[in-house]
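The structure appears below as structure tokens.
Read-outs: derived from the displayed coordinates by stated rules, not from any lab. Since we're looking at a predicted model, the values are computed, not measured. In this analysis, Cβ positions are derived from the backbone assuming ideal geometry, glycine residues included, and neighbour counts consider all displayed protein chains.
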Amino acid sequence: MKIETIAIHAGNHTDEQSKAVVQPIILSTTFERGADGGYPGGYMYGRAGNPNRKALEQVLAQLEGGVEAASFSSGNAAGMAIFQSLQPGTHIILPDDMYHGLRNQVKQLFTGILEFDFIDVNDKALLQQRIKSNTGLIWVETPSNPLLKITDVRKVSAIAKQHNIKLVCDNTFATPICQQPLELGADVVMHSATKYFGGHSDLMGGALITKEKTEWWEKIRQVQESGGAIPSPMDCYYLVRSIKTLPYRVRGHIQNAQLLAEHLEKHPKVEKVIYPGLASHPQYEVAKSQMKSFGGMLSFTIKGSEDDVRKVANSIQLFTQATSLGGVESLIEHRASVEGPDTKTPRNLLRVSVGLEHIDDLIADIDRALSFI
Ligand SMILES: *Cc1c(COP(=O)(O)O)cnc(C)c1O
């Protein structure tokens, strides 16, 4: 099946009793046992399993071409499950421009438990050099947040496989519509479902999708069930509902992002546009080789001071000044001030989550804001 068909059908189960076409929401936290002490409905307790969560995990697994998915109450909870599934003392290698919330999680919560190195994972020689006998995991995020760096997943995967190291790819920015990391050699894909999967900035969720059912995956399942950072039945329902339109929404985001990137690249007040779909992107060739399309996120730097950047962000009207991404509405953000003092993000950079408004309105709005500096 093609991805549009999977998005609509893989997570939906017509109700056997009522024949409801849309799967009902099962809020019950507990499920009746049979006379033999078993669980005839296949469910026992809400933390262990729920029909709406099962439906969500089925569609997530199929969208990424994996065998199973585990869903979580946020993207960070999904990331945390990965780190908690590792033996204490394991060495992990992470990208130096990793999503700052997860970078902080590793530093704040896993110091003394895991050993970690933040490096440029695209530097093959450096990556080889940092691998140690206890290295158990490499993490990649591509395109990265907020610099939209591209990591060559095939290359990193080849190195990881040589050393029997697990490879996880944060695919939040790309979504399975643009890129399928399992096909490129990742073992597990991670998502913040808060972003494009939810797509309407009104729920939080996270997901892990595995290529194979391994002992490690069983451990991740234990973290999910025993740790308990599971999504509610309502959130699972909303995610399944939103995922039905994911391919079409993402296509709209991509179309607008490409047009906006091309427009801004020609703008005299713009210094640089970072978008993997532009030939000027330093890793455009790698992006083309592993992505089907280039996503709805772009960053740009302006010719001006941090004050000028703020002026642009403050005078823009259609783009809401807020963090996060992947919703139908366009968002703009001065990223450096969100990431804190140790950020490497340029202070004249604005990150844009390009929404589904009409591109002419978006361009007119951004041009107007740029005219004030
Ligand atoms: C938002 C985000 C996360 C974290 O997800 P939450 O749902 O906010 O916990 C992880 N990775 C990337 C790339 C993100 O954008």
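Past 20 Å, Cα to Cα, is the threshold; run 149/244; 244/288; 155/288; 107/149; 124/166 against it and keep the listed order. The partial results should precede the final answer.
Values: 149/244 29 Å; 244/288 26 Å; 155/288 15 Å; 107/149 22 Å; 124/166 16 Å.
Distance filter (> 20 Å) returns 149/244; 244/288; 107/149.
Of the residues 256, 296, 276, the one whose Cα sits farthest towards the positive end of the charge dipole of the stretch 247-371 is 276 (charges of +1 on Lys and Arg Cβ, -1 on Asp and Glu Cβ, taken about the Cα centre). The residue among 323, 210, 134 whose Cα reaches farthest toward the positive pole of the charge dipole of the chain, with charges on the beta-carbon of Lys, Arg, Asp and Glu, is 134. Cross-link partners of residue 266 among aspartates and glutamates, defined as those whose alpha carbon lies under 13 angstrom from its own and excluding same-chain residues fewer than eight positions apart: 367. Rounded, prolate or oblate: which fits the stretch 3-242, taking a ≥ b ≥ c as square roots of the Cα gyration tensor eigenvalues, rounded meaning a/c under 1.5, else prolate when a/b beats b/c? Taking the square roots of the gyration eigenvalues as a ≥ b ≥ c, the stretch 3-242 is prolate.
Helix-only mean residue ellipticity at 222 nm, the chain, DSSP H runs n ≥ 4 weighted -39,500 (n - 2.57), per residue, nearest 500. What is it? Provide the component values of the computation, followed by the final result.
On the way: 15 runs with 138 residues, N = 373.
After summing the helix terms and dividing by the residues of the chain, the value is -10500 deg cm²/dmol.
Sorted on the mean count of surrounding Cβ atoms within 10 Å across their residues, most packed first, peptides 238-247, 358-367 read 238-247, 358-367. Modelled label positions at residue 104 and residue 262, each set 7 Å beyond Cα in the direction of Cβ, lie 3.8 nm from each other. Remark: the residue 306-residue 39 segment gains 90.1 nm on full extension, using 0.36 nm per residue and subtracting the alpha carbon distance.
For the chain, modelled as a GNM whose springs connect Cα atoms under 10 angstrom apart, the maximal fluctuation among 112, 296, 34 occurs at 34.
For the stretch 25-55 versus the stretch 322-357, the spacing of their alpha-carbon centroids is 41 Å. Annotation for the stretch 59-122 versus the stretch 282-296: alpha-carbon center distance of 23 Å.
How would you rank 120-129, 225-234, highest first, on the average number of other Cβ atoms within 10 Å across their residues?
Working: 120-129: 14.8, 225-234: 17.0.
Output ranking for 120-129, 225-234: 225-234, 120-129.
Judged by the mean number of other Cβ atoms found within 10 Å, the most tightly packed of the peptides 263-273, 45-55, 200-210, 137-147 leads the ranking 137-147, 200-210, 45-55, 263-273.
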